[in-house]
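Here is the structure we will look at, set down as structure tokens.
The values are calculated or read from the model by the stated rules, or taken from the named source; none is laboratory data. Because the structure is a prediction, the values reported are computed rather than measured. Here the Cβ positions follow ideal geometry from the backbone for every residue, glycine too, while neighbour counts run over all protein chains shown. For accessibility, only protein heavy atoms count, side chains too; no ligands or nucleic acids. Shrake-Rupley method; radii C 1.70, N 1.55, O 1.52, S 1.80 Å.
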Amino acid sequence: MMKRIYMMVGWCLSSMCLAGTSDGIVPGTVWPDDNGVHINAHGGGILFHEGTYYWFGEHKIEGAAGNRAQVGVHVYASKDLCKWTDRGVALSVDDDPDSEITKGCILERPKVVYNAKTGKFVMWFHLEHLGAKPQPYSTARSAVAVADHVAGPYRFLHSLRAMPTIWPENFPAELRNRFDAPDSYYTSSASWQEKAETHQRGLAVNTCFHAGQMSRDQTVFVDDDGTAYHIAASEHNATLHIRELDTTYTTYSGRYIRVFPGRFHEAPAVFKRKGKYYMVTSGCTGWAPNAARSMVADSMMGEWRELGNPCKGINPRNGLGAEKTFGGQSTFVLPVQGRQDAYIAMFDLWQPKNAIDGRYVWLPVEFEGDSFFIHWKDEWNLGVFD
Ligand code: GAL
């Protein structure tokens, strides 16, 4: 019975907003795929390849168990960004309990890029091993999978801590090999201010220097010259790292910088417009929404300058406005092909108690000089870019 109602809701929505001339996007609602089933691609990103968009994201299952990877990474294909065809599971978790991506691990925010030199598709994601100690999120590794075909199957290649024994380019010599932290830091009673100051001084950069730097929320960005970058929340989520990848895109080159030490940016999403680099991020409050942030730079390797919260308006479906990013958290900014200045900001509306019900908020990005804004829209279509 439930399934029938769900299918009917899916059918109504698809006929209302995704079919015929009224093609469009209705942020924060059920988004049916070609089978009438809500799209299952959370924390996702999109790759445009040979005339088709491919949306990769975390496949979630029902209940809180869905916050762990029980299936893998799902992929959908679309020509128009509204109607999506289910292309199945691109990367499967493993039944082997010794695998790094064994069922029940945490596999988040997958992003796929194409390497024109090697002809391979490369997926990066945040990995936490099943059974990680002392906390489920203690692994803090990046992981890489590769495929010969865009929709997969992807093969797990390796996981890594970043750049062991290499200092960030912008980490001052006087902060190297220093481990100053107040006692409160070690008894977990430190205020946000104390934590921020401790991380500004680079405690985690120093403690992770030999094993390699941590990575949690992450994305990958390929620049026009083919140089790829991995952007990840590092240093216990206190500091973003921007790391150059090597020419295969499967590991690091050795160059990286810290961005806004101690500011606790998460959920990075990068895009480029008119030679400038932009980033949308969130603050650090787990599944609960907070205010989005944004920044701009003339080069991926900095200096980055904060621009503030780009969101405006209110989501009438949950009553949440810019102070809570309409209930969402950034995951990707998609350049729309064949249109100038057309970018879509993608957010997740997490549902941690029933992960599979997480919704997607996609909104057009608007520009004003060097700044950009993301206004809430109840319903919209690609005509806004005309
Ligand atoms: C969020 C993060 C998500 C997930 C979640 C777990 O801050 O962006 O990807 O890791 O925390 O609580």
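Our helix-only sum for the chain, with -39,500 (n - 2.57) per DSSP H run of n ≥ 4 divided by its residues, gives a mean residue ellipticity at 222 nm of -2000 deg cm²/dmol.
The trypsin sites (Lys or Arg not before Pro) of segment 50-157 that DSSP puts in a loop, and whose beta carbon has at most 15 other beta carbons within 10 Å, are Lys79, Lys117. Could you tell me whether segment 174-230 comes out rounded, prolate or oblate from its Cα gyration tensor? Rule is a ≥ b ≥ c as square roots of the eigenvalues, rounded for a/c under 1.5, then prolate if a/b exceeds b/c, otherwise oblate. It comes out prolate by the Cα gyration axes. Just the number please: accessible area per residue for segment 200-319, 1.4 Å probe, all protein chains included, in Å². So segment 200-319 comes to 33 Å² accessible per residue, rounded to a whole number. Applied to segment 343-360, the Karplus parametrisation 6.51 cos²θ - 1.76 cosθ + 1.60 on θ = phi - 60° returns per-residue 3J(HN,Hα) values of 9, 10, 8, 10, 10, 9, 9, 5, 10, x, 7, 8, 3, 5, 8, x, 10, 10 Hz, with x for Gly and Pro. A cut-off under 12 angstrom between Cβ atoms defines the neighbours of Lys83, and their net charge, with Lys, Arg +1 and Asp, Glu -1, is -4. On the chain, 52 percent of the accessible area sits on carbon and sulfur atoms, based on a 1.4 Å probe.
Averaging the sequence gap over all C-alpha pairs within less than 8 Å and six or more residues apart, then dividing by the number of residues, gives the chain a relative contact order of 13 percent.
When the Cα atoms of segment 247-373 are aligned to their principal axes, the ranges along those axes come out at 41, 31, 28 Å in descending order. Between the Cα long axis of helix 2-13 and the first principal axis of the chain there is an angle of about 80°, rounded to the nearest 10. With all protein chains kept in place, the per residue accessible area of segment 133-189 amounts to 58 square angstrom at a probe of 1.4 angstrom.
Rounded to the nearest 20, the size of the Cβ-charge dipole of the chain about its Cα centre is 280 debye, with Lys and Arg at +1 and Asp and Glu at -1.
Just tell me the longest site-free run in the chain, where the sites are GluC sites (Glu not before Pro) in a DSSP loop having at most 16 other beta-carbon atoms within 10 Å. Longest gap between qualifying sites, sites excluded: 170-302.
Applying the criteria of a DSSP loop state and at most 11 other Cβ atoms within 10 Å to the chymotrypsin sites (Phe, Trp or Tyr not before Pro) of segment 282-386 yields no site.
Work through the residues other than Lys120 whose Cβ is under 11 Å from its Cβ and net out their charges, Lys, Arg +1 and Asp, Glu -1.
Overall, the nearby charge balance is +1.
Computed over neighbours whose Cβ is under 12 Å from that of Ala64, the net charge equals +1, Lys and Arg +1, Asp and Glu -1. Structure note, pairs Lys79/Lys111; Lys117/Lys312; Lys60/Lys117; Lys195/Lys324; Lys312/Lys353: Cα-Cα distances above 29 angstrom occur for Lys117/Lys312; Lys60/Lys117. Here each label is just a point 7 Å from Cα along the line to Cβ, and for Gln340 and Asp80 those points are 2.6 nm apart. Taking every C-alpha pair closer than 8 Å and separated by at least 6 residues, the mean separation divided by the residue count of segment 39-160 gives a relative contact order of 20 percent.
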